[in-house]
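**Student:** Got a structure for you, questions after.
The values are calculated or read from the model by the stated rules, or taken from the named source; none is laboratory data. All of these numbers come straight from a predicted model, not from anything done at the bench. Quick reminder, even Gly has a Cβ in these numbers, built from the backbone with ideal geometry, and neighbours come from all protein chains shown.
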Amino acid sequence: MDINSTKAVVSDTLAHVAEKAQDTGWIMHHILDGKELEFPPFGVIHLPEFHLFGIDISITRHVVFMWLAVIILVLVLSRVARAYKTSMVPKGVNNVMEVLILFVRDEIARPTIGKGYEKFVPYLLTAFFFILTCNFLGLLPYGSTATSNIAVTASLATISFIVIQGGGMMKNGAFGYFKGLLPHGLPFWLVPIMLVVEILGLFTKPFALAIRLFANMTAGHIVILALLGLIFILQTYFVAPVSIAFALFIYLLEILVALIQAYIFTMLSSLFIGMAVHQEH
């Protein structure tokens, strides 16, 4: 193949890549859920499909990474638990896990829930570590962020909603809990209006939890891919150092965001539990 032919092939390839880059579908392909895993050593791994009564219950990319997060947590936390049976002095990973566990217990649950916080710590720890692990798995090469799926964040928020309402009813009773939603001394004619407002408020809290986590975990990945896509869209090497530098900066920022979002979801869930358990009278 002569030089002109080689240049023609390269030019056609760049044009094809640029055309694909200008189509934002390639960005969404890496963000959204899918029925295959992209793993270069083994190529594309197609996941099994299942249908039950006409409902698609196939295993998807995000499901696989949620399972992976669960497996990692079971292995790590089991190792930490066994280590405490032989030595009370934590080392290495055990030390990191102890710091995080004490942080959730002493800096999140205890101040926001108050008396009786102990019974809610296991759920808060589960939510914190699961979200944190899913967030970090999405930062790995060829990884996928399950928490960028609105169905996943909505499910987590729904569980928090159940814990919040359950905690409030266990402490105050079902009637007492809903009665406590209304301020004392409220005029009789305002009761129906405020009751509707307060009940809607119960559902806006988990909605905010779901949307906040979903939006923040999705936005960072879109920005990184968009910055890298500029190289192919503009078809020049001069923009490559700038795009890669900014993408690397956003990537490092995403590590911080992964920690912050796990903290915010856990902290807000704990705060809402505290508001439900200890209603103002």
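**Student:** Can you give me the number of residues within the range 226-249 that are at pLDDT 80 or above, loosely packed, with under 12 Cβ neighbours inside 10 Å and among the hydrophobic types (A, V, I, L, M, F, W, C)?
**Tutor:** Looking only at that region, the number is 1.
**Student:** Identify all residues within the range 77-116 that are assigned to a helix (DSSP H, G or I), of a type in the set (Gly, Ala, Ser) and surrounded by 13 or more Cβ atoms within 10 Å (Cβ to Cβ); write none if there are none.
**Tutor:** Residues satisfying the conditions are 83, 109.
**Student:** Pick from 214, 130, 178: which is surrounded by 13 or more Cβ atoms within 10 Å (Cβ to Cβ), more than 18 Å from residue 32 (Cβ to Cβ) and in contact (Cβ under 8 Å) with a residue 40 or more places away in the chain?
**Tutor:** 130
**Student:** Is it fair to say residue 70 is surrounded by 13 or more Cβ atoms within 10 Å (Cβ to Cβ), β-branched (Val, Ile, Thr), part of a helix (DSSP H, G or I) and at pLDDT 80 or above?
**Tutor:** Taking the combined requirement at face value, the residue satisfies it.
**Student:** Name the residue that is surrounded by the fewest Cβ atoms within 10 Å (Cβ to Cβ), counting only residues in the range 140-153 that are within 10 Å of the chain's Cα centre (by Cα) and part of a helix (DSSP H, G or I).
**Tutor:** 150
**Student:** Sticking with this structure for a sec: Here's a check for you: in the range 38-62, which residue that is under 22 Å from the mean Cα position of the chain (by Cα) and among the charged types (D, E, K, R) is surrounded by the most Cβ atoms within 10 Å (Cβ to Cβ)?
**Tutor:** 61
**Student:** Here's another thing I want to ask about it. Any idea which of 184, 221 is surrounded by fewer than 17 Cβ atoms within 10 Å (Cβ to Cβ) and at pLDDT below 80?
**Tutor:** The unique qualifying residue is 184.
**Student:** So the check is Cβ under 6 Å with 6+ separation or different chains; which pairs have a first residue in the range 140-165 that's at positive phi and a second one that's surrounded by fewer than 20 Cβ atoms within 10 Å (Cβ to Cβ)?
**Tutor:** So the pair list comes out as 142/38; 142/39.
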